[in-house]
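The structure appears right after this line, and notes come after that.
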Amino acid sequence: MTTAIIQARMGSQRLPGKVMMKILKKPILYFVINQIKQCKHIDKIIVATTTLSKDDIIDNYAKSLGVDTFRGNPSDVLDRYFQCAKKNKIEKILRITADDPLIDPDIISQCITKFEKGNYDYVSNTIKKENNKWVFDSNGFPVGIAMEIFNFESLRRAWQIAEKQSDREHVTPIMISNPNLFKLNNIELDEDFSNFRVTVDYKEDFIVVKKIIENFPLNEIFTIKKIVEYLKQNNELTKNNSKHIFMEGYFKSIKSDKK
């Protein structure tokens, strides 16, 4: 059984309240959940938000969709994931962030299939091996199609050994930086679409994603092919958010560790 845990909060520093910003009268979170529901490899979805009162809106909205919720530590997201998985007795966890409304269900299936067949501890489409070392990389995927799957034992081990703020905030870097403790692998695209950005971290991102979603009927199942075709036909749209880089939030957290 694989459970998707979506981390969501209202207090984003770059674009506060982004997960509840509306497109076609539906919040961003709606589209994240709807995309994941299309993946046949996912048995359950849980929205993991914080214990802060401002996140009541997320908790209530997810429940209104019939989706389970968990409320945990506002800043220690690794602890939030661990406590959520422990409470719900989850063995396989798919980690998704609530600012990726165009997550591709077919890519989720590919990631889970590789994880299960290879008996790995962790598989993602955001890492690759360079010079015998695992590093973060978009692997050709548009920014905003990020996913990670790992088992509960690996999550427990990461929760025990992670000390840096960046490792606690971003959940899995401790796994990636310790390949001697975790069996890692990845999936990659044959083509490079990493110049396209469909996550929602900034107002400019929201404009791009809004245009994409509004171009299709409500409840459209989005795939990388559909997204890329639209953006290629509307190339001027990508100029809005092209200045922002892959994994920007994580790299900022690393700088904070050094202060």
Expected single match for more than 23 Å from Gln83 (Cα to Cα), without any contact (Cβ under 8 Å) to a residue 12 or more places away in the chain, out of contact with any strand residue (DSSP E or B) (no Cβ under 7 Å at 6 or more places or on another chain) and not hydrophobic (A, V, I, L, M, F, W, C) among Glu163, Glu130 is Glu130
Considering the range 210-245, residues that are of a type in the set (A, V, I, L, M, F, W, C) and over 19 Å from Gln38 (Cα atoms), and then whichever is modelled with the lowest pLDDT, we arrive at Ile245
Does at least one position in the range 99-109 carry a residue that is of a type in the set (Asp, Glu), in contact (Cβ under 8 Å) with a residue 24 or more places away in the chain and touching a Gly at 6+ places or on another chain (Cβ under 6 Å)? yes
If Asp99 meets every condition in (1) crowded, with 22+ Cβ neighbours inside 10 Å; (2) touching a Phe, Trp or Tyr at 6+ places or on another chain (Cβ under 7 Å); (3) charged (D, E, K, R) apart from one, which number is that one? (2)
In the range 83-113, which residues are of a type in the set (Lys, Arg) and under 14 Å from the mean Cα position of the chain (by Cα)? Arg95
Inspect all residues belonging to the range 88-95 and state whether any of them is under 29 Å from Asp205 (Cβ atoms), aliphatic (A, V, I, L, M), out of contact with any Cys (no Cβ under 9 Å at 6 or more places or on another chain) and buried (at least 16 other Cβ atoms within 10 Å of the Cβ). no
Which pairs turn up if I take residues in the range 175-203 that are outside any loop (DSSP other than H, G, I, E, B) and look for partners that are of a type in the set (A, V, I, L, M) and buried (at least 19 other Cβ atoms within 10 Å of the Cβ) with beta carbon separation below 6 Å, at least 6 apart in sequence or on another chain? Met175/Ala158; Ile176/Ile127; Asn185/Val123; Asn186/Ile127; Arg197/Val143
So, first residue under 22 Å from Ser109 (Cβ atoms) and buried (at least 17 other Cβ atoms within 10 Å of the Cβ) in the range 211-234, second residue hydroxyl-bearing (Ser, Thr, Tyr) and modelled with pLDDT of 95 or more, Cβ within less than 6 Å, six or more apart or across chains; the pairs are Ile212/Tyr230
Condition first: surrounded by fewer than 21 Cβ atoms within 10 Å (Cβ to Cβ) and touching a strand residue (DSSP E or B) at 6+ places or on another chain (Cβ under 8 Å). Now tell me which residues in the range 11-35 satisfy that. Gly11, Met20, Met21
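The values are calculated or read from the model by the stated rules, or taken from the named source; none is laboratory data. As the structure is a computational prediction, the values presented were derived from the model and not from experiment. For neighbour counting, all protein chains shown are included, and Cβ atoms are generated from backbone atoms with ideal geometry for every residue, glycine included.
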